[in-house]
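K.L.:
Take this structure first; my questions come after.
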Amino acid sequence: MQNFEYTDPEQMGDQEAVSFYEEAEKLGWDHEKIMYNLNFTSRDTSRGIMQWDESEKVGFTQQATPWTRYNREEMYNVKSQQENPSSILNFYKQLISLKKTPLFTDGDYHMQETKDQLVVYERNLGDEKGWVYCNFSDNEETIELTKEVSEAKIILTNSNNKVENTLLTLSSYGTMVLVK
């Protein structure tokens, strides 16, 4: 969900935001600059109501008036995320389920040496092995895999990542988990 973008400090329930606005105005800041800053720093921008569906009050209520401003987004509400198998919500559900498996709760953890923008590690539990590859950059990254890893089963990935022979290509901010 996107944060609501405020255009006036009076829309915010945060008295500190109003005080900041007044002080910044005294220092000569223009309205746009102050609101730009407040939209990145005020607590209210991240305290919007949960968007449950695409209805008028986003499924939060039918009778009451919400205490804060909010966006209405067709794609980023709980209902649409539940219906989309490749949504962020369903990705996190799969990730949480995976984190509860013995391999990822009890297995040995071995961090791999790699580029600064990558996090790569292996988990081992008995005969079971898992590998996690994460790209924390805006750029696509290619990683040479061992034969063992390249033949493992992909059990979690986000979009546009692929394994071809022994090369793993991770999209920007791509993640892939493989197990054997």
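K.L.:
Work out the FRET efficiency for residue 164 and residue 22 from their Cβ-Cβ distance, taking R0 = 41 Å, and round it to the nearest 0.05. Show your work: numbers first, answer last.
P.N.:
On the way: r = 59 Å, r/R0 = 1.43.
For residue 164 and residue 22, the calculated efficiency is 0.10.
K.L.:
So, in Å, what gap is there between the alpha-carbon centers of segment 50-76 and segment 103-180?
P.N.:
Comparing the Cα centres of segment 50-76 and segment 103-180, I get a distance of 38 Å.
K.L.:
If you don't mind, there's one more thing I want to ask. For segment 81-164, with every protein chain kept in place, what is the accessible area per residue (1.4 Å probe, Å²)?
P.N.:
Values: 5680 Å² over 84 residues.
That works out to 68 Å² per residue.
K.L.:
With 14 Å as the cut-off, how large is the P(r) tail for segment 123-180, expressed as percent of Cα-Cα pairs?
P.N.:
Values: 810 of 1653 pairs.
Value for segment 123-180: 49 percent of Cα pairs lie more than 14 Å apart.
K.L.:
If you take the beta carbon distance between residue 155 and residue 52 as r and set R0 to 45 Å, what does 1/(1 + (r/R0)^6) give as a FRET efficiency, to the nearest 0.05?
P.N.:
Working: r = 29 Å, r/R0 = 0.66.
With a Förster radius of 45 Å, E is 0.95.
K.L.:
Now, a different point. Could you look at segment 1-143 and say what percent of its accessible area is carbon and sulfur, using a 1.4 Å probe and all protein chains?
P.N.:
Working: 4750 of 9910 Å².
The value for segment 1-143 is 48 percent carbon and sulfur by accessible area.
K.L.:
Looking at the chain as a GNM with Cα springs under 10 Å, which of 152, 17, 64 has the largest mean-square fluctuation?
P.N.:
Highest fluctuation among the options: 64.
The values are calculated or read from the model by the stated rules, or taken from the named source; none is laboratory data. Given the structure is predicted, the values throughout are model-derived calculations rather than measurements. Every residue, glycine among them, receives a Cβ derived from its backbone with ideal geometry; neighbour counts consider all protein chains shown. Heads up: the accessible areas ignore ligands, DNA and RNA and are worked out on the full protein's heavy atoms, side chains in. Shrake-Rupley method; radii C 1.70, N 1.55, O 1.52, S 1.80 Å.
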